[in-house]
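The values are calculated or read from the model by the stated rules, or taken from the named source; none is laboratory data. Since the structure is predicted, the reported quantities are computational estimates derived from the model, not experimental observations. Cβ sites come from the backbone with ideal geometry, for glycine too, and all protein chains shown count toward neighbours. In case anyone asks, the SASA skips ligands and DNA or RNA and just uses the protein heavy atoms, side chains included. Shrake-Rupley method; radii C 1.70, N 1.55, O 1.52, S 1.80 Å.
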Amino acid sequence: MTDSFLKSFPTDKEREKRVGRFFEDLLLPKLNEMKCNFFDLEIGCGHGHWLTEFSMSFSETFFVGVDLITKRVEKATAKMEKRNLENLLFYKAEAQEFISHIPDSIKINNTYLMFPDPWPKNKHHKRRLVQPSFLELLATKTLPSGKFFFRTDFKPYFEWTTERIEESTVWTLGSDSLPYDHTSYFQDLLPEFQTCTASPVH
């Protein structure tokens, strides 16, 4: 978090309270209206193009997109509001911080991590989101029937992710296809990409 956001929420405790208010004031009332206790999550939603199209095609599913960049979240929210979507929310948050504060009363159904920063240099690998600690946290917040979908155009990160999942005691690699595979401006720029899927270990 490198923008003015940190001036408003400079401590972990203040950010924790902020995320808690998102669930209490925004997400839980929406889920109660839909009479469900789970949602689909996109980490690093960017400008929200893919998730907006996804939510328009699956109106009975609730979606949340999170991203660290304020302007991206603002543009994504503008798309959502323009289309009057009631099953979608975008929020500025760090992924692990957001996931860790999901109330026990609700769960994630599917999680989508699409074209994340690959942090290609060896010294930066520790910054990759897919780490054993992330997978363990995500598993505790995911429905038994839920899935984790990962897509990247950077082969070493794909191999890294599949290795972390294979080593995990809480996830197992699967062969499920994305439930919605709509093209996007960013994806169209890429020569090729790979996708892997994982399910929680029961």
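Within the bounds of the range 81-88, is there any residue that is farther than 20 Å from Lys141 by Cβ and touching a Leu at 6+ places or on another chain (Cβ under 6 Å)? Checking the range 81-88: not a single residue is farther than 20 Å from Lys141 by Cβ and touching a Leu at 6+ places or on another chain (Cβ under 6 Å). Could you say whether any residue in the range 1-11 is in a helix (DSSP H, G or I) and of a type in the set (Gly, Ala, Ser)? The answer is yes; a qualifying residue exists. Whenever a residue of the range 38-52 is of a type in the set (Phe, Trp, Tyr) and assigned to a strand (DSSP E or B), its partners that are open to solvent by 20 Å² or more (accessible area, probe 1.4 Å) and modelled with pLDDT of 95 or more, lying with C-beta atoms within less than 7 angstrom and at least six residues away or across chains, give the pairs Phe38/Lys107; Phe38/Asn109; Phe38/Leu143; Phe39/Asn109.
Based on what the data block shows, is Phe5 surrounded by 13 or more Cβ atoms within 10 Å (Cβ to Cβ) and modelled with pLDDT under 95?
For Phe5, the condition - surrounded by 13 or more Cβ atoms within 10 Å (Cβ to Cβ) and modelled with pLDDT under 95 - is met.
Considering only residues in the range 144-173 that are part of a loop (DSSP other than H, G, I, E, B) and at pLDDT 95 or above, the one that is least open to solvent (accessible area, probe 1.4 Å) turns out to be Ser168.
Note on the range 54-91: among residues that are of a type in the set (Gly, Ala, Ser) and exposed (fewer than 13 other Cβ atoms within 10 Å of the Cβ), the one that is farthest from Leu26 (Cα to Cα) is Ser57. Taking the range 99-143 as the region of interest, how many residues are in contact (Cβ under 8 Å) with a residue 12 or more places away in the chain, part of a loop (DSSP other than H, G, I, E, B) and over 21 Å from Gln194 (Cβ atoms)? Qualifying residue count, the range 99-143: 6. Within the range 62-95, the residues that satisfy the criterion of being among the hydrophobic types (A, V, I, L, M, F, W, C), under 18 Å from Thr111 (Cα atoms) and either touching a Ser or Thr at 6+ places or on another chain (Cβ under 6 Å) or assigned to a strand (DSSP E or B) (or both) are Phe63, Val64, Val66, Leu88, Leu89, Phe90.
So which of Lys35, Lys13 ends up being more than 21 Å from Glu81 (Cβ to Cβ), open to solvent by 80 Å² or more (accessible area, probe 1.4 Å) and modelled with pLDDT under 95?
Going through Lys35, Lys13 in turn, just one is more than 21 Å from Glu81 (Cβ to Cβ), open to solvent by 80 Å² or more (accessible area, probe 1.4 Å) and modelled with pLDDT under 95: Lys13.
Among the residues of the range 174-194, those identified as over 18 Å from the mean Cα position of the chain (by Cα) and modelled with pLDDT of 90 or more are Gly174, Ser175. Of the residues making up the range 110-140, those that are closer than 15 Å to Gly65 by Cβ and open to solvent by less than 30 Å² (accessible area, probe 1.4 Å) are Asn110, Thr111, Tyr112, Leu113, Met114, Pro116.
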